[in-house]
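These notes are about the structure you will find just below.
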Amino acid sequence: MHPIAQLDHDYVWHPFTQMSDWLKSEPIVLVRGKRTRLWDTANRVYLDANSSIWTNLHGHNHPVINQAIRKQLGRVAHTSALGLANEPASQLAEKLLSLTRFPNQTEPKDHHPLTKVFYSDNGSTAVEVALKMAYEFTRRVQGPMASPHFLSVSGAYHGDTIGAVSLGHIDLFHSAYRGLLFPTGAAMAPYCYRCPHNRADPERADARSYRKCQWECTQSVASAFDEGQRNKRPISAVVYEPLMQGSAGMIAQPVGWLRRVAEVAKEHRALLIADEVLTGFGRAGSMEDGSPTILASHLEGVKPDLVTLAKGLTGGYLPMAATLTTQPIFDAFLGDYSDFKTFFHGHSYTANQLGAASALASLEILATSHGPGVRNQLESDLRTALASLWDRSQVGDIRQVGGMVGIELVKDWRRRTPYDLREKAGIRVVQAMARRGVLTRPIGNVVVLIPPYCTTRREVNRMVAVLSDAIDEVLSSG
């Protein structure tokens, strides 16, 4: 065993990993990267098919981001944001807000644009910040006796801090912590492939394209609001991932779902909290007219009151997150010192200069003239390559939104028969992919492909071909 692998076995506890399984074999130890490729200690080369857990936008070792970090490192690496300001974080806030204004449209009188940025460390903390802001804003508007209540959807995953876990509805991840959590509502997820209301027989296509239903999933949201009113626990905010629920199993929403949910929320004067940790920065695709936006919510015409950003914020280089909000929410925390209306929340590395510098460089790359074209080409290349997987009887559904893909593996596609999680079908398939030089990570029985934007057509074809071969190897007898 390589000495670094041995150190890992001896001392490291990995996230979302059954360590008894981990300790049975030598792990891949990655030591360097370039664009879509990663090398291990034995100089074996791999394609990064999930952007290092969905963080890397532009490829590894990008010269523009490298240069920005080196330049900032020559000045100062970090200073506290408690009582002090810094240059790159201030510039980044301005840039983020300019890119998250709804494109090519005058804001209506009843909508408030995003005007303020609060920095934190990762997606979970960004969601935690949004929850606290929404909670206290509601109490200050409705009165201190108000009891703000939050609604998310079944299968929701918004992070691993306690507030974020309270929004989660994945028993496998969250049930162990039930005693620590506050209650939240759960509306039906728009999971067309396994929706009990979808009357369509399975076809060899994305289930969203042939579904037969009456939008029961959006009716579930309306019912949740009605129930909240009856129980005198009105919903104060809806928390959602736009267009694609990531850790729920890459559940792609049918066109119109988010817009309908937003309309229901606005009718009830509830806040919209967009968890764009996965979907932000172009992952979900581009506006039809080519207008610049980094929010997936805008692709459905939805204007959230709070937005959480992380993962791709720094281009996959450094841990940094941001919670964006509106002027009325910010103003609710203003007052004399003696009023103690301050937002009492913070992090030691809030507004870190190196993270802000890398984020500014990443946004610069996104804004280049070829940026949207590159992302659109990747989306097209993925769609073309993925079509070949319908020949595999173990592929039940292929869900793609922009450059994000989930391939659901099943025992029998004609009956949508799932593999039991204990069979580890998804895990065994991605392990077989790794042996062939392609790295990704499954979500249960869903194999995820989210490659960096710089991935070429040839590399996309190789990723899909390796996945196909891995399915044949692992599941052909299943």
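Readers should treat all values here as calculations from the given coordinates under stated rules, not as data from a laboratory. What you see is a predicted model, and the numbers here were worked out from it, not measured in a lab. Here the Cβ positions follow ideal geometry from the backbone for every residue, glycine too, while neighbour counts run over all protein chains shown.
Placing a pseudo-label 7 Å from each Cα along the Cα-to-Cβ vector at Ala85 and Thr41 gives an inter-label distance of 4.8 nm. In sequence order, segment 277-283 has phi-based couplings of 4, 8, 8, x, 6, x, 4 Hz under the Karplus curve 6.51 cos²θ - 1.76 cosθ + 1.60, θ = phi - 60°, and Gly or Pro positions carry x.
Within a 10 angstrom radius of the beta carbon, how do Val405, Val460 rank from fewest other beta carbons to most?
Working: Val405 30, Val460 25.
With the sparsest Cβ surroundings first, the list reads Val460, Val405.
So if I place +1 on the C-beta of Lys and Arg and -1 on the C-beta of Asp and Glu, and nothing else carries charge, what would the dipole magnitude of segment 377-446 be about its Cα centre? I want it in debye, nearest 20. Working shown, then result.
Numbers: 13 positive and 8 negative charges, 59 e Å.
Taking the Cα centre of segment 377-446 as origin, the dipole is about 280 debye.
Model label points for Gln229 and Ser147, set 7 angstrom from Cα along the Cα-to-Cβ axis, are 1.9 nm apart.
Please give the length that would be gained between Arg458 and Arg269 if that part of the chain were fully extended, namely 0.36 nm times their separation in residues minus their C-alpha to C-alpha distance (nm, one decimal).
63.2 nm
For the pair Leu23 and Asn61, a Förster radius of 25 Å applied to the C-beta separation gives a FRET efficiency near 0.20, rounded to the nearest 0.05.
What is the gain in length, in nm to one decimal, between Asp171 and Arg75 on full extension, counting 0.36 nm per residue of separation less the C-alpha to C-alpha distance?
On the way: separation 96, 0.36 × 96 = 34.56 nm, distance 4.65 nm.
29.9 nm is the gain from fully extending Asp171 to Arg75.
Across segment 414-462, the fraction of Cα-Cα pairs farther apart than 12 Å, rounded to a whole number, is 68%.
With the cut-off at under 20 Å, measuring from each backbone N in segment 359-396 to a point 7 Å along the Cα-to-Cβ line of Asp201 picks out 390-396. Taken as Cα centroids, segment 15-73 and segment 318-365 sit 28 Å apart, rounded to the nearest whole angstrom. Think of each Lys and Arg Cβ as +1 and each Asp and Glu Cβ as -1; about the Cα centre, that makes the dipole of the chain roughly 500 debye. Sorted ascending by nearby beta carbons within 10 Å, beginning with the fewest, Lys132, Lys311 become Lys132, Lys311.
Please work out the FRET efficiency for the pair Glu94 and His345, using the Cβ-Cβ distance as r and a Förster radius of 25 Å; give the result to the nearest 0.05. So, using R0 = 25 Å, E works out to roughly 0.70. Exposure proxy for Met250, Met19, Met244: other Cβ atoms within 10 Å of each Cβ, ordered fewest to most, give Met19, Met244, Met250.
Couplings for segment 377-394, taken from phi via the Karplus curve 6.51 cos²θ - 1.76 cosθ + 1.60 with θ = phi - 60°, read 5, 4, 4, 5, 4, 4, 4, 5, 5, 5, 4, 5, 6, 5, 6, 8, 5, 8 Hz in order; Gly and Pro are left as x. In this structure the amide hydrogen of Leu271, modeled in the peptide plane, comes within under 5 Å of the amide hydrogens of Ala237, Val238, none closer than 5 places in sequence on its chain. Using a cutoff of 8 angstrom between alpha carbon atoms and counting only pairs six or more residues apart, the relative contact order for the chain works out to 21 percent. Computing FRET efficiency as 1/(1 + (r/R0)^6) for Leu421 and Gln327, where r is the C-beta to C-beta distance and R0 is 30 Å, gives about 0.05. From most to least packed by mean Cβ count within 10 Å, the peptides 417-427, 298-308 give 298-308, 417-427.
Note that segment 40-53 has calculated 3J(HN,Hα) couplings of 9, 5, 8, 6, 6, 10, 10, 8, 8, 8, 10, 6, 6, 6 Hz, one per residue in order, obtained from phi through the Karplus relation 6.51 cos²θ - 1.76 cosθ + 1.60 (θ = phi - 60°); glycine and proline are x. Around the Cα centre of segment 87-165, unit charges on the Cβ atoms of Lys, Arg, Asp and Glu (plus for the first two, minus for the last two) sum to a dipole of about 260 debye.
What length, rounded to one decimal in nm, is gained on full extension from Ser209 through to Ala5, with 0.36 nm per residue of separation minus their alpha-carbon distance?
Working: separation 204, 0.36 × 204 = 73.44 nm, distance 4.55 nm.
Separation in residues times 0.36 nm, less the Cα-Cα distance, equals 68.9 nm.
Of the residues Met320, Tyr135, Leu7, the one whose Cα sits farthest towards the positive end of the charge dipole of the chain is Leu7 (charges of +1 on Lys and Arg Cβ, -1 on Asp and Glu Cβ, taken about the Cα centre).
From its DSSP helices (H runs of at least four residues, each -39,500 (n - 2.57)), the chain gives a residue-normalised ellipticity at 222 nm of -10000 deg cm²/dmol.
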